[in-house]
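Heads up: the structure comes next, in structure tokens.
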Amino acid sequence: MILDIGIGFGKTLEHNLLLLRNIKRFHDFGCPLLLGTSRKSFISAASQGEPSESRLPGSLASALWGLSQGVQIFRVHDVAETAQAFKVFQAIQAS
């Protein structure tokens, strides 16, 4: 069983940010966590109204936040870019 944090799905920007800020609480359920923030509209709402194809920076920022909070599974559109960001993030943490 996998627990999807549930970003999007008719939530407001405030709801999505609250979920992201509190990801660690979802670990209490004892299931692997899935985070799917890639290109979601909340990125545009929290930024400058970018269209979905221009939301890679926000997608990476939210995925890195999830990684830092112990999320194990990510749904992304830009696989190579996200993998590179994760590798650099993890290298920084390891030093």
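The values are calculated or read from the model by the stated rules, or taken from the named source; none is laboratory data. Source: prediction; values computed, not measured. Cβ: placed from backbone, ideal geometry, glycine included. Neighbour counts: every protein chain shown.
Anything in region 67-95 that is assigned to a helix (DSSP H, G or I) and among the β-branched types (Val, Ile, Thr)? List them, or say none. Show your work before the answer.
Filtering region 67-95 for residues assigned to a helix (DSSP H, G or I) gives 67-68, 79-94.
Correct list: Val79, Thr82, Val88, Ile92.
Return yes when Glu14 is surrounded by 14 or more Cβ atoms within 10 Å (Cβ to Cβ) and among the acidic types (Asp, Glu) and no when it is not.
In short, no.
Against the numbered list (1) surrounded by 14 or more Cβ atoms within 10 Å (Cβ to Cβ); (2) charged (D, E, K, R); (3) assigned to a helix (DSSP H, G or I), Glu50 comes up short only at (3). Looking at this structure, is Arg21 basic (Lys, Arg), surrounded by 14 or more Cβ atoms within 10 Å (Cβ to Cβ) and under 24 Å from Val88 (Cα atoms)? Considered against the rule, which asks whether it is basic (Lys, Arg), surrounded by 14 or more Cβ atoms within 10 Å (Cβ to Cβ) and under 24 Å from Val88 (Cα atoms), Arg21 comes out as no.
Each residue in region 24-40 was checked for being crowded, with 17+ Cβ neighbours inside 10 Å and small (Gly, Ala, Ser), and 2 pass.
Only residues that are under 21 Å from His27 (Cα atoms) and either surrounded by fewer than 18 Cβ atoms within 10 Å (Cβ to Cβ) or touching a residue at least 60 places away in the same chain (Cβ under 8 Å) (or both) were counted across region 67-92, and they come to 8. Once region 18-33 is narrowed to residues that are in contact (Cβ under 8 Å) with a residue 12 or more places away in the chain and farther than 13 Å from Ser62 by Cβ, the residue that is nearest to the chain's Cα centre (by Cα) is Leu33. Among the residues of region 53-66, count how many are under 15 Å from Leu13 (Cβ atoms), in a helix (DSSP H, G or I) and without any contact (Cβ under 8 Å) to a residue 24 or more places away in the chain. So the answer is 2. Filtered by the rule that a residue be free of Cβ contacts under 8 Å to residues at least 60 places away in the same chain and in a loop (DSSP other than H, G, I, E, B), region 4-17 gives Gly6, Ile7, Gly8, Phe9, Gly10, Lys11, Thr12. Taking the listed residues Phe89, Phe26, Phe42, Phe9, the one that is at positive phi, out of contact with any Cys (no Cβ under 9 Å at 6 or more places or on another chain) and of a type outside the set (A, V, I, L, M) is Phe9, with no other qualifying.
The listed residues are Ser44, Ser38, and the only one of them that is among the polar types (S, T, N, Q), at pLDDT 95 or above, farther than 11 Å from Ile5 by Cβ and not in a loop (DSSP other than H, G, I, E, B) turns out to be Ser44.
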